Amino acid sequence: MFEVYEREHVTCVEIEVPNLPNLFFFVTDGMLVDTGAQKFEAKIISYLKEASFDVVALTHSHEDHSGTAPWIQENLNIPIYLSPLGIDICSQLAPYPKYRREIWGIRKEFAPLPISDRIQSRKRQWKVMHTPGHADDHIALLDDDTGTLFSGDLFVSPKTKVIMKSESIPQIIDSIRTVLTHDFGSMFCCHAGYIQDGKGRMKRKLEYLENLCGEVKHLEQNGLSVEEIDQKIFRKKYPITFVSEGEWDSLHIITSIIGAENR
Ligand SMILES: [Zn+2]
């Protein structure tokens with residue numbers, strides 16, 4: 001499935017991914033936000049050839065967001081912006097494990113430009129918010145005038161049950177709090193797509209994560225080990241934990257919460 005549709009002046013491109021949530025990227029006011037994964041390059045490139053955009057913003061360097069950026073750089077004379085923290089990662093050929101190469105394809109090396117605290121599309125200016133936690137180089141983009149938010153992978157799902165080893169729940173909580181200090185309405189998430197009541201949904205995710213932290217800390221104070229807390233709260237392991245050989249695991253949620261506490 002490869003669908004293109006409009007929501008509130010944003011073109012949403014939705015790609016079905018086997019056994020995983022769908023993948024999205026967006027175009028608005030001549031700005032491409034993320035580029036999809038190299039695995040789906042054939043369809044994405046034929047779309048990009050017809051699409052009207054003159055600047056690219058990447059919400060972070062992960063391969064499902066930056067997969068066709070090398071093609072854009074080689075074939076279209078369009079600047080690609082990313083957090084300065086992600087530029088080094090993009091200079092490497094597919095710097096991620098085999099199972100991710102199989103799911104998302106091989107992202108070639110490319111050279112994005114460092115984004116500052118604002119980015120200009122044709123008629124709009126977007127606030128760039130540094131929102132680490134899912135990735136160190138993660139940003140969110142906000143247009144104050146329309147209240148439109150591109151949230152990258154900050155939201156993804158209302159109740160996070162597995163994260164990557166490199167992720168941090170306390171940092172994600174801080175980043176959500178940062179975003180919530182601003183007014184926004186519609187939110188465009190790279191795995192959940194268009195969400196009309198973005199701020200409401202983001203608030204509920206924050207509540208879930210805060211409660212989760214409280215529960216984890218309470219169980220830790222009662223003397224439970226990390227593994228015991230994980231089993232008590234999450235009960236079962238998801239297939240992605242086995243497929244990824246542990247890079248995705250609910251256990252990382254517990255260790256990131258307890259680690260921050262003991263720091
Ligand atoms: Zn990501």
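Listing for the model above:
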{"item": "Calculated from backbone phi, Karplus (6.51, -1.76, 1.60) coupling profile of segment 56-71 in Hz, x at Gly/Pro", "result": "10, 10, 9, 6, 6, 7, 3, 5, 7, 10, 10, x, 9, 4, x, 5"}
{"item": "Extended-chain gain in nm, criterion 0.36 nm per residue less alpha-carbon gap, Asp197 and Leu93", "result": "33.7 nm"}
{"item": "Whether segment 24-136 is rounded, prolate or oblate, judged on the alpha carbon gyration tensor where a/c under 1.5 counts as rounded", "result": "oblate"}
{"item": "Long-range HN-HN contacts of Thr59 with modeled amide H, under 5 Å", "result": "Asp34"}
{"item": "Under-5 Å amide H pairs with Ile163, H placed in peptide plane, nonlocal only", "result": "Asp249, Ser250, His252, Ile253"}
{"item": "Distance violations [Cα-Cα > 23 Å] among Lys127/Lys199; Lys39/Lys108; Lys108/Lys159", "result": "Lys108/Lys159"}
{"item": "Taking Met1, Met164, Met129 and counting other C-beta atoms within 10 Å, the order from fewest to most", "result": "Met1, Met164, Met129"}
{"item": "Karplus-derived HN-Hα couplings along segment 163-180 (A = 6.51, B = -1.76, C = 1.60, θ = phi - 60°), whole Hz, x at Gly and Pro", "result": "9, 7, 4, 7, 8, 9, 4, x, 5, 5, 4, 4, 5, 5, 4, 4, 5, 6"}
{"item": "Packing-based exposure ordering (other Cβ within 10 Å, fewest first) of Phe25, Phe234, Phe2", "result": "Phe2, Phe234, Phe25"}
{"item": "Dipole axis of the chain (+1 Lys, Arg; -1 Asp, Glu on Cβ), positive-most option in Thr35, Thr178, Ser157", "result": "Ser157"}
{"item": "Cβ-derived FRET efficiency at R0 25 Å, Glu6 paired with Lys159, nearest 0.05", "result": "0.30"}
{"item": "Residue-by-residue Karplus 3J(HN,Hα) for segment 111-128, coefficients 6.51, -1.76, 1.60, Hz, glycine and proline x", "result": "10, x, 9, x, 7, 9, 8, 9, 9, 9, 9, 4, 10, 10, 10, 10, 7, 9"}
{"item": "Other-chain or far-sequence residues with amide H under 5 Å of Leu113's (modelled H)", "result": "Ile80, Tyr81, Leu82"}
{"item": "About the Cα centre, charge dipole magnitude for the chain (Lys/Arg +1, Asp/Glu -1 at Cβ), debye", "result": "300"}
{"item": "Span from the segment 204-256 Cα centroid across to the segment 124-152 one, whole angstrom", "result": "27"}
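Readers should treat all values here as calculations from the given coordinates under stated rules, not as data from a laboratory. Since we're looking at a predicted model, the values are computed, not measured. As a convention, Cβ positions derive from the backbone with ideal geometry for all residues, glycine included, and neighbour counts pool all protein chains shown.
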